[in-house]
Amino acid sequence: MTWSPIQYLYFTSNVSTGFRAPNVADLSELGERRSRFMQVPNPNLNPEHTINVDASVRWINDVLNLEVTGYSVTYSDKIESVPTGNLLPMSNGSTLIEMTNRNENSMQLYGIESSVDIKFTPLLRAGLTFNYTYGDLKERNGRVSPVDRIPPGNGRAYVRYEIIDGLDLGLQTRFALEHRRLSDSELQDFRISNDGTDGFMIFQLVSNWQVTDNSEIHFFADNLLDSAYREHSSSLDGLGRNVTVRYSYRF
């Protein structure tokens, strides 16, 4: 459903259903994963089913593009990797937790996606994006726990200036909020602190130069302040200060 009560203002909403059949990895994954888990197959999985609801408000004209969307996704028979309760001693003296994929009763996701882009002059514009997701998993025994691998709130802010026709320069920052709400699997993952993951903000410089109708040079300087940071659920710290230059030609 879409409704525009006045010029430039739009309200939209959507209700839908969907399903996903188990793939080969869901049915047959076998081996060590996430530092201390041993995944065993479960060939008796059913498809996942969802009910999806979203609603958004948009303001769109030559100066301001604003969009905010809220959504809800309800899973029934969600396929999740869960502990079986078995511990597997290894020859090196370590112990692995046995995991398997299973259709859980339900999973509920809520989220918001937002963006704003403002054109101050024909040559200068700025913008901001922000995304946030929250999820609960309801297990067979009625226990409610956080959904695995939910990303922290994250986004990007930028300002861009067109120096001359075909050449622009932009300064932007990419950020993520701290993430302290961990699933049971994340609490058992050696790569993730039980205190969660700290937030971060890194600054980037971006430039694009349309040299000819067929060729372009892209310049990207990342993590200008050489900040130490880590993406949630990653086993590696983010890249330090680095520069990428790319030339492309279209035949």
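The values are calculated or read from the model by the stated rules, or taken from the named source; none is laboratory data. Remember, predicted model here, so these are calculated numbers, not experimental data. Here Cβ is always computed from backbone atoms with ideal geometry, including for glycine, and neighbour counts include all displayed protein chains.
Scan the range 173-202 residue by residue and report those that are buried (at least 18 other Cβ atoms within 10 Å of the Cβ) and part of a strand (DSSP E or B).
Of everything in the range 173-202, those that are buried (at least 18 other Cβ atoms within 10 Å of the Cβ) and part of a strand (DSSP E or B) turn out to be ARG174, ALA176, HIS179, THR197, PHE200, ILE202.
So ASN141 fits all but one of (1) of a type outside the set (D, E, K, R); (2) touching a residue at least 12 places away in the same chain (Cβ under 8 Å); (3) surrounded by fewer than 17 Cβ atoms within 10 Å (Cβ to Cβ); what number is the exception?
(2)
How do the pairs read when you match residues in the range 204-215 that are in the same structural domain as LEU171 (by TED's automatic domain parsing) and surrounded by fewer than 16 Cβ atoms within 10 Å (Cβ to Cβ) with residues anywhere that are assigned to a loop (DSSP other than H, G, I, E, B) and modelled with pLDDT of 95 or more, using Cβ under 8 Å and keeping only pairs 6 or more apart or on different chains?
Listed by first residue and then by second, the contacts come to LEU205/LEU224.
Can you work out which of the residues in the range 113-138 that are buried (at least 17 other Cβ atoms within 10 Å of the Cβ) and of a type in the set (Asp, Glu) is farthest from ASP195 (Cα to Cα)?
Out of the qualifying residues, it is ASP117.
Quick check: anything in the range 63-75 in contact (Cβ under 8 Å) with a residue 40 or more places away in the chain, surrounded by 15 or more Cβ atoms within 10 Å (Cβ to Cβ) and part of a loop (DSSP other than H, G, I, E, B)?
No, that holds for no residue.
Condition (residue is assigned to a loop (DSSP other than H, G, I, E, B), out of contact with any His (no Cβ under 9 Å at 6 or more places or on another chain), surrounded by 15 or more Cβ atoms within 10 Å (Cβ to Cβ) and not aromatic (Phe, Trp, Tyr)) applied to the range 153-163: is it met by at least one residue? Quick ask: steps written out before the conclusion?
Residues of the range 153-163 assigned to a loop (DSSP other than H, G, I, E, B): 153.
Within this subset, residues satisfying the condition of being out of contact with any His (no Cβ under 9 Å at 6 or more places or on another chain) are none.
For the range 153-163, residues assigned to a loop (DSSP other than H, G, I, E, B), out of contact with any His (no Cβ under 9 Å at 6 or more places or on another chain), surrounded by 15 or more Cβ atoms within 10 Å (Cβ to Cβ) and not aromatic (Phe, Trp, Tyr): absent.
Taking the range 8-37, which residues are aliphatic (A, V, I, L, M), outside any strand (DSSP E or B) and surrounded by fewer than 14 Cβ atoms within 10 Å (Cβ to Cβ)? Can you show your working first?
As a first pass, look at the range 8-37 and keep what is aliphatic (A, V, I, L, M): 9, 15, 21, 24-25, 27, 30.
Imposing the further condition that a residue be outside any strand (DSSP E or B) reduces the set to 21, 24-25, 27, 30.
If the condition is that a residue be aliphatic (A, V, I, L, M), outside any strand (DSSP E or B) and surrounded by fewer than 14 Cβ atoms within 10 Å (Cβ to Cβ), then ALA21, VAL24, ALA25, LEU30 are the ones that fit.
Pick from ASN92, ASN52, ASN86: which is surrounded by fewer than 17 Cβ atoms within 10 Å (Cβ to Cβ), under 19 Å from the mean Cα position of the chain (by Cα) and over 30 Å from ARG160 (Cβ atoms)?
Working: ASN92 fails: under 19 Å from the mean Cα position of the chain (by Cα); ASN86 fails: under 19 Å from the mean Cα position of the chain (by Cα).
The unique qualifying residue is ASN52.
Condition check: out of contact with any Lys or Arg (no Cβ under 6 Å at 6 or more places or on another chain), of a type in the set (Ser, Thr, Tyr) and farther than 30 Å from ARG36 by Cβ. Does THR197 satisfy that?
It is false that THR197 is out of contact with any Lys or Arg (no Cβ under 6 Å at 6 or more places or on another chain), of a type in the set (Ser, Thr, Tyr) and farther than 30 Å from ARG36 by Cβ.
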